[in-house]
Amino acid sequence: MTYIKPKYFEHPDMRLRHLEWEAIRMIAFDGKHMEMGDAYPDYEQRQFHWIDPYNKKATSEHHELKKRVANGEIATLDEFYEALKTFTKPKPRGKALKDKKKRTAQEAYQREQLGDDYIDNKPLIAAAKAEAKHLNAIRADRMTVSQKATEIAIQHHDGTDLTEGQMKVLSDLIHHQMDKLMHPDNVEAKLIDTNNKNLWFMWGKIKRQFAVGETFPWTSAKGSKEASCSKSDVRPIMKKLCDVGALTCIQKGKAGQSTGRANIYRREV
């Protein structure tokens, strides 16, 4: 039998270690303690030391996840690991926290300014911004944008039909996002002068995917794949993009498959 390779048995948070142990035991070994111990002999005794910290510090959300695993509501490990991401997502600090506060303030301002035309449907707004990338690539005209806005509104209907004013706001949002994707900048000359093809290619990939002001995670693995370069080249490339003002790194990442932390950048121009 091929055993599951644990992801969190060495995680600094004992609560996550305990949750993963219990999830693997319940899902992969039908709750059998002996088979679980045989599968992971190096951790069989150690796991007892995770229980007390879990009982002392677990939140209602931790208990709820454990309960869902125990009663079979979560039936696969893929579902479990997806649910566990809630606890591994890093809390914003420093520049990331400042950026989040800025966005919260912008949302409150828009809500006040738009009044009844404000669209309180985050999945719809996210879909509209994502669609703007495709529409920008094909240089869509206003009629095409309006038609696509109607399609998206139907796809992400939350039980309340959009008013005429809200539909106009949605179309304007897509146009605004398209404008930001095409926003001219004054840093590209500096990038060209580096004579670094990987640097220029990476910047082109980022511009294609993210609008001005948008934040995004960027790992060495993703950067390597996007720019067809080695992983060791990604960090200096991203640093250079920050140095010339194309990007700002608002949160430093942390290596490790269980940390859930990648560098987070904001496109500036």
Which residue pairs have Cβ atoms closer than 9 Å, lie 6 or more positions apart in sequence or on different chains, and pair a first residue in region 241-255 that is without any contact (Cβ under 8 Å) to a residue 40 or more places away in the chain with a second residue that is among the polar types (S, T, N, Q) and assigned to a loop (DSSP other than H, G, I, E, B)? Gly253/Thr219; Gly253/Thr259
Among the residues of region 27-50, which ones are closer than 20 Å to Thr88 by Cβ and touching a helix residue (DSSP H, G or I) at 6+ places or on another chain (Cβ under 6 Å)? Ile27, Gln47, Trp50
Return the pairs, sorted by first residue and then second, in which the second residue is not in a loop (DSSP other than H, G, I, E, B) and not hydrophobic (A, V, I, L, M, F, W, C), the first residue lies in region 116-128 and is under 15 Å from His157 (Cβ atoms), the beta carbons are less than 9 Å apart, and the residues are 6+ apart or on different chains. Ile119/Gln166; Asp120/Arg111; Leu124/Gln155; Ala127/Gln155; Ala128/Lys148; Ala128/Ser171; Ala128/Gln177
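Here's the yes/no breakdown for (1) part of a helix (DSSP H, G or I); (2) basic (Lys, Arg); (3) at positive phi:
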residue	(1), (2), (3)
Gly165	yes, no, no
Gln177	yes, no, no
Lys180	yes, yes, no
Lys190	yes, yes, no
Met202	yes, no, no
Arg208	yes, yes, no
Phe216	no, no, no
Gly223	yes, no, no
Val234	yes, no, no
Enumeration of residues in region 38-51 that are surrounded by 11 or more Cβ atoms within 10 Å (Cβ to Cβ) and either more than 14 Å from Glu22 (Cα to Cα) or not assigned by TED's automatic domain parsing to the domain that holds Glu20 (or both): Asp38
Taking region 132-185 as the search range and keeping residues that are surrounded by 15 or more Cβ atoms within 10 Å (Cβ to Cβ) and of a type in the set (Val, Ile, Thr), which one is nearest to Thr215 (Cα to Cα)? Ile174
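Looking at the structure I just gave you, is Arg235 modelled with pLDDT of 90 or more, among the charged types (D, E, K, R) and exposed (fewer than 15 other Cβ atoms within 10 Å of the Cβ)? Steps first, please.
Working: modelled with pLDDT of 90 or more: yes; among the charged types (D, E, K, R): yes; exposed (fewer than 15 other Cβ atoms within 10 Å of the Cβ): yes.
For Arg235, the condition - modelled with pLDDT of 90 or more, among the charged types (D, E, K, R) and exposed (fewer than 15 other Cβ atoms within 10 Å of the Cβ) - is met.
Residue check: is Leu173 modelled with pLDDT of 85 or more and under 28 Å from Arg111 (Cα atoms)?
Numbers: modelled with pLDDT of 85 or more: yes; under 28 Å from Arg111 (Cα atoms): yes.
Yes.
The values are calculated or read from the model by the stated rules, or taken from the named source; none is laboratory data. Source: prediction; values computed, not measured. Neighbour counts run over all protein chains shown; Cβ positions are idealised from the backbone, glycine included.
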